[in-house]
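J.: Right, I'll just put the structure down here and ask away after.
The values are calculated or read from the model by the stated rules, or taken from the named source; none is laboratory data. Not measured: the values here are computed from a predicted model. Note: ideal-geometry Cβ built from the backbone for every residue, glycine included; neighbour counts use all protein chains shown. Just so you know, the surface numbers come from the protein's heavy atoms only, side chains and all, with ligands and any DNA or RNA stripped out. Shrake-Rupley method; radii C 1.70, N 1.55, O 1.52, S 1.80 Å.
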Amino acid sequence: MAQGMSSAFDDCVSPERSGFDAIIGRSPKFMAAIDSARKVAATATTVLLTGESGTGKEVLARAIHHGSARRAKPFVAVNCAALPETLVESELFGHERGAFTGADRLKRGRFELAAGGTLFLDEIGELPPAVQAKLLRVLQERQYERVGGTTTLEADFRLIAATNRDLDRAVADGQFRQDLYYRVAVFRIHLPTLRERGEDVLLLADHFVRELGARMESPEPRFTGETRELLLAHSWPGSVRELQNAIERALILADGAPISAEHLDIASRPSCDATIPAVAASSTEDGTTMLTIAAQEKRLIVEVLQRTHGHQKHAAALLGLTRFQLYGRLKRYQIEVARGLGANDGWTAIRC
C-alpha cells in the first residue's frame, strides 16, 4: 500500500458529509437496507447486520450510531474473529490486576470503553461458546464484572452486531446459542453485495478515484469508457473492499494516465487452462435431451468468439450485445478469450 494510504473501509463514505448522508449508493436493494437503518437508528434496539465480507457493515454501523441519541459517546468496534480465544474475555470484560499471569495492571474492557455509546461486535458468529454465554448474561442483566474482579459494573451500551455467516444455520448446527441469537437478531438488516448493486459500482469507483487520487496527488485521474464497462461487468467477489483495493492499485500503475482495464487487473485469474467442457443437457420425459438455455448461449458465444478470432468488440456486434453485456456473459460462463485462435485450428479457452 502506498505511503499515506488508508486501508480503512470508511473510505466508501464521503468526507464532506456524515452519517447516512455520507453513504454512497442508490440501487434499490442497497437503499432498502439504508432506509431500515435510518428507522432503527433513533431507537435503542439491538441491530444485527448481515452480508458478505466487504459489503460495508461497519460503515453502516457507524451511520446508525451517528443517527442515534448516543452519537456524542464512543463507538467501539471489535472484530471477534481477530481476537485469540484466550484473550476474548479480557478484551470484552476487562480484567483486574493479578487476574492471571501477565495481568500487571487493571485493564478496561470494550464494554466499559463503550459506556454511553455503541458497541459494534463484528463477526459475532466467531465468539467461542463460553463467551457467548457470558455475553448473553450481559445483554439480559445489563451488568458484568471484569475478569478476576468482584465489582459489578453497569453495561450501558447499544449493541450492533454483524456477521457474514448464516447464524440460523449456526444455531441449527449447535455452533451459536439460540437464546443469544434471539437477543442479537432483534432488528436484522441485510447488506447486498456489490454485484447486486448495479451502477453503484461506478459511483463508488468515482469516489475512490477522487479520494485516493487526491491522497496520492494523482492529476485528475479518470476511467476510459472500456474500463467503466469492465467495472460494471466484474462480479466483485470481495465486494466494495475489493473495488477500493483495485482502484488504489490502478492509480499506482496508471501514474497519472487514464485508468485502463489492464491497470485494474480484475480479469479472471486462472488456476488452470482447459477446453470448453461438454455442454450441459437435460433429459425430457420422452428420453430426448435438450440443451439448457444457458448452455446454448454459452456455446453460441464460444462459436462467435472463434469466428472473430477472439475479437470481443466484433463478437459482441454479431451477437447483438453491447460490449458490457458480453463482458458480463464471459464472467458468468467463465470464458477467457484466447485471442488469435481460429475456428479451424484452435479453441476458445476458459479458466477453471
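J.: Of all the residues that make up the range 202-218, how many are open to solvent by less than 60 Å² (accessible area, probe 1.4 Å) and of a type outside the set (A, V, I, L, M)?
T.: Residues meeting the conditions: 6.
J.: Looking at Val78, is it part of a strand (DSSP E or B) and modelled with pLDDT of 95 or more? I'd like the intermediate steps shown before the answer.
T.: On the way: part of a strand (DSSP E or B): yes; modelled with pLDDT of 95 or more: yes.
Spelling it out, Val78 is indeed part of a strand (DSSP E or B) and modelled with pLDDT of 95 or more.
J.: Go through the range 238-257 and give me each residue that's without any contact (Cβ under 8 Å) to a residue 40 or more places away in the chain and either acidic (Asp, Glu) or under 20 Å from Glu52 (Cα atoms) (or both).
T.: Passing the criteria: Asn245, Ala246, Asp255.
J.: Tell me which of these Ala44 doesn't satisfy, since it passes every other one: (1) in contact with a helix residue (DSSP H, G or I) (Cβ under 9 Å, 6 or more places away or on another chain); (2) within 20 Å of Phe157 (Cα to Cα).
T.: (1)
J.: While we're here: Suppose we filter Glu242, Glu226 for residues that are open to solvent by 50 Å² or more (accessible area, probe 1.4 Å) and either under 24 Å from Ala61 (Cα atoms) or assigned to a helix (DSSP H, G or I) (or both); which single one remains?
T.: It is Glu226.
J.: Looking at (1) touching a Ser or Thr at 6+ places or on another chain (Cβ under 7 Å); (2) surrounded by 16 or more Cβ atoms within 10 Å (Cβ to Cβ), which is the only condition Ala170 fails?
T.: (1)
J.: Here's another thing I want to ask about it. Would you point out the residue of the range 153-166, among those that are assigned to a strand (DSSP E or B) and not hydroxyl-bearing (Ser, Thr, Tyr), that is surrounded by the fewest Cβ atoms within 10 Å (Cβ to Cβ)? I'd like the intermediate steps shown before the answer.
T.: Taking the range 153-166 and keeping what is assigned to a strand (DSSP E or B), we get 153-154, 158-163.
Still in the running and not hydroxyl-bearing (Ser, Thr, Tyr): 153-154, 158-162.
Working: Leu153: 19, Glu154: 12, Arg158: 23, Leu159: 23, Ile160: 32, Ala161: 28, Ala162: 26.
Selected residue: Glu154.
J.: Tell me which residues, restricted to the range 135-152, are charged (D, E, K, R) and crowded, with 17+ Cβ neighbours inside 10 Å.
T.: Arg146, the sole residue that qualifies.
So that you can scan it fast, the table gives a plain yes or no per residue for (1) in a helix (DSSP H, G or I); (2) within 15 Å of Leu191 (Cα to Cα); (3) among the hydroxyl-bearing types (Ser, Thr, Tyr); (4) modelled with pLDDT of 95 or more:
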site	(1), (2), (3), (4)
Gly4	no, no, no, no
Lys39	yes, no, no, yes
Ala44	no, no, no, yes
Glu89	yes, no, no, no
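J.: Now, a different point. Pairs under 9 Å by beta carbon, first residue at pLDDT below 55 and open to solvent by 90 Å² or more (accessible area, probe 1.4 Å) in the range 283-310, partner among the β-branched types (Val, Ile, Thr) and not in a loop (DSSP other than H, G, I, E, B), six or more apart or different chains?
T.: Ser283/Thr289
J.: Looking at (1) out of contact with any Asp or Glu (no Cβ under 9 Å at 6 or more places or on another chain); (2) surrounded by fewer than 17 Cβ atoms within 10 Å (Cβ to Cβ); (3) at pLDDT 90 or above, which one does Leu253 not meet, given that it meets all the others?
T.: Failed condition: (1).
J.: If you don't mind, another one. Any chance the range 178-190 includes a residue that's part of a loop (DSSP other than H, G, I, E, B), modelled with pLDDT of 90 or more and touching a Lys or Arg at 6+ places or on another chain (Cβ under 8 Å)?
T.: Within the range 178-190 (the criterion being part of a loop (DSSP other than H, G, I, E, B), modelled with pLDDT of 90 or more and touching a Lys or Arg at 6+ places or on another chain (Cβ under 8 Å)), the answer is no, since none of the residues qualifies.
J.: State all residues of the range 96-127 that are open to solvent by 20 Å² or more (accessible area, probe 1.4 Å), closer than 30 Å to Asp166 by Cβ and part of a loop (DSSP other than H, G, I, E, B); if no residue qualifies, say none.
T.: Glu123
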